[in-house]
Amino acid sequence: IVQAIISSGLSANKPVHFFDCNIHAREWITAATCVWIIDQITTGYGSYPEITSLVDQYDWKFVPIANPDGYAYTWNTV
C-alpha cells in the first residue's frame with residue numbers, strides 16, 4: 001500500500017490527520033478526492049496562510065487506494 005505523507009517537519013508531538021480512501025471497491029470518487037486534497041495542500045503550502053498553518057500544525061497521511069484489488073476488479077468485471 002502506497003502512503004503519502006505531507007508535513008512541514010515530522011514530529012511525534014504533532015497530531016495526525018489520516019485519510020484512507022477507496023476502501024470499498026466501487027467508491028471510485030474517494031481516491032480522486034484524496035488526490036485532490038493532496039494537490040490542494042501541496043500547491044497551497046506557502047501561498048495560502050490557512051493551508052500553511054494547517055500543515056505546520058498537523059502531519060497529513062494518505063492512503064489513496066486502500067483496496068487496489070477491488071478497485072481493479074470493478075473496472076475489469078461487468
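For the range 41-66, residues that are touching a residue at least 60 places away in the same chain (Cβ under 8 Å) and small (Gly, Ala, Ser) total 1.
Each row is one residue, and each column tells you yes or no for (1) part of a helix (DSSP H, G or I); (2) modelled with pLDDT under 95.
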| position | (1), (2) |
| --- | --- |
| PHE19 | no, yes |
| THR30 | yes, yes |
| GLN40 | yes, no |
| PHE62 | no, yes |
| GLY70 | yes, yes |
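Looking at the range 12-27, can you tell me whether even one residue there is open to solvent by 80 Å² or more (accessible area, probe 1.4 Å), touching a residue at least 24 places away in the same chain (Cβ under 8 Å) and charged (D, E, K, R)? Yes, because at least one residue in the range 12-27 is open to solvent by 80 Å² or more (accessible area, probe 1.4 Å), touching a residue at least 24 places away in the same chain (Cβ under 8 Å) and charged (D, E, K, R). Each residue in the range 42-59 was checked for being surrounded by 15 or more Cβ atoms within 10 Å (Cβ to Cβ) and outside any helix (DSSP H, G or I), and 3 of them qualify.
The values are calculated or read from the model by the stated rules, or taken from the named source; none is laboratory data. Being a predicted model, the structure only gives us computed values, none of them experimental. So basically every Cβ, Gly included, is an ideal-geometry build from the backbone, and we count neighbours across all protein chains shown. Ligands, DNA and RNA are stripped out before the accessible areas are found, and what is left, the full protein with its side chains, is counted by its heavy atoms. Shrake-Rupley method; radii C 1.70, N 1.55, O 1.52, S 1.80 Å.
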